[in-house]
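Q: First the structure, then my questions, so here it is.
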């Protein structure tokens, strides 16, 4: 019985710790930044980013876009909308050094970092789908690698 009680208390403490981490993240309001402090100056939009890859395989700078998804587990990544497409841009954070809040969905942000087109394995796609809270049926439909734009961001700034 003591072991069962100890396990229950440990699980409860871990759940509370996870919730506290998300609660410590400031709400997504214009002017709030996460990670490195950045500004909007010289940013390009997601559509322009796609055109940059016609010139070179990588891009370093600031990209502006609308957030469409945030990792539900702890805000460890977000995705940006590509206008006119069902595809999105994956944004992860340098060394998982910071996290973003769930209320960032629908906000316009600027991210500063390194972007590239990469192939995401089936395993990684399924991992991200789980973190987004997708159903088992949706996850099971992921069967092939896909090329996508990926950004490793040093900082995120909420614009609107």
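The values are calculated or read from the model by the stated rules, or taken from the named source; none is laboratory data. On a predicted model such as this, the values are computed, not experimentally measured, just so you know. All Cβ positions, glycine included, derive from the backbone under ideal geometry; neighbour counts span all protein chains shown.
Rundown of residues vs (1) under 24 Å from residue 106 (Cα atoms); (2) modelled with pLDDT of 50 or more; (3) in a strand (DSSP E or B), yes/no style:
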position	(1), (2), (3)
3	no, yes, no
10	no, no, no
15	no, no, no
21	yes, no, no
30	yes, yes, no
47	yes, yes, no
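Q: Give the residue that is surrounded by the most Cβ atoms within 10 Å (Cβ to Cβ), with candidates limited to residues of segment 25-80 that are farther than 23 Å from residue 103 by Cα and touching a helix residue (DSSP H, G or I) at 6+ places or on another chain (Cβ under 8 Å).
A: It comes out as 59.
Q: Sticking with this structure for a sec: In contact with a helix residue (DSSP H, G or I) (Cβ under 8 Å, 6 or more places away or on another chain) and within 24 Å of residue 34 (Cα to Cα) - does that describe any residue in segment 134-143?
A: no
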